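Reviewing the structure listed below.
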Amino acid sequence: MICRFVFSGAGGQGIITAAILLSETAVYFDHLNAVQTQSYGPEARGGSARADVIVSSERINFPKVVQPNILVCLNQESYEKYNGIVRPGGLIVSDSDLVKRRKNPAARQIELPLQETVQKELQTSLPLNICVLGSLSRLIDFLKLQSLEKALEKRFKGRMEEVNKRALKIGYELTDSFVNLPPLSFL
């Protein structure tokens, strides 16, 4: 089985870091295959950013995601650009304050106040990307919260490790309180 992700948003939101962490989690801690690619505009901050991740229990032959199962959008520009590429029956996860969604009959859409909640709980919106990963761990059966915590421990140390672990749990708990469906199964 295979699960394809597209993370999209503005440069500076941590889209690429979230994709890298997801890939590292899958490979190092869940013993799956993963590939991650990225693209972003010439502007380091504020420009458009996209990162693709493929996670599979089998060999991955092509690294680019054409039709994702999961699309994460953290700004309106990305939503407008990518919401039509989601596979039928796929899932679009967006921030309710940053994205105003349109009807997409082919995909399920979940809007969550991710940035607002992280800002309120941690007095910073910097770990928004980590909050998104926490949300995805509630929505997808193979993405385990404990494995993501291990990936955070490997990448971050000290205060940033603790802040990111809290953001991860905030995303999970927020999604659990808003979403009334069992985790999606791909693998």
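Odds and ends about this structure:
- Qualifying residues in region 104-125 (those that are of a type in the set (S, T, N, Q) and over 14 Å from Ala167 (Cβ atoms)) - the one modelled with the lowest pLDDT: Asn104
- Subset of region 144-184 [in contact with a strand residue (DSSP E or B) (Cβ under 8 Å, 6 or more places away or on another chain) and in a loop (DSSP other than H, G, I, E, B)]: Val179, Pro183
- Among the numbered conditions (1) crowded, with 20+ Cβ neighbours inside 10 Å; (2) touching a residue at least 40 places away in the same chain (Cβ under 8 Å), the only one that Pro113 does not meet is (1).
- The one condition from (1) surrounded by fewer than 16 Cβ atoms within 10 Å (Cβ to Cβ); (2) of a type in the set (Asp, Glu); (3) in a helix (DSSP H, G or I) that Glu121 does not meet is (1).
- Subset of region 124-143 [part of a loop (DSSP other than H, G, I, E, B) and within 13 Å of the chain's Cα centre (by Cα)]: Pro127, Leu143
- Residue pairs whose Cβ atoms lie under 8 Å apart, separated by 6 or more positions or on different chains, with the first residue in region 60-80 and in contact (Cβ under 8 Å) with a residue 24 or more places away in the chain and the second acidic (Asp, Glu), are Pro63/Asp52; Lys64/Asp52; Val65/Asp52; Pro68/Asp52; Cys73/Asp95; Leu74/Asp95.
- Screening region 1-103 for strands (runs of 3 or more DSSP E) wholly inside it with 1 or more residues that are in contact with a strand residue (DSSP E or B) (Cβ under 8 Å, 6 or more places away or on another chain), at pLDDT 95 or above and under 21 Å from Val118 (Cα atoms) returns the ranges 2-10, 70-73, 91-95.
The values are calculated or read from the model by the stated rules, or taken from the named source; none is laboratory data. The structure displayed is predicted, hence computed values, not measured ones. Cβ: placed from backbone, ideal geometry, glycine included. Neighbour counts: every protein chain shown.
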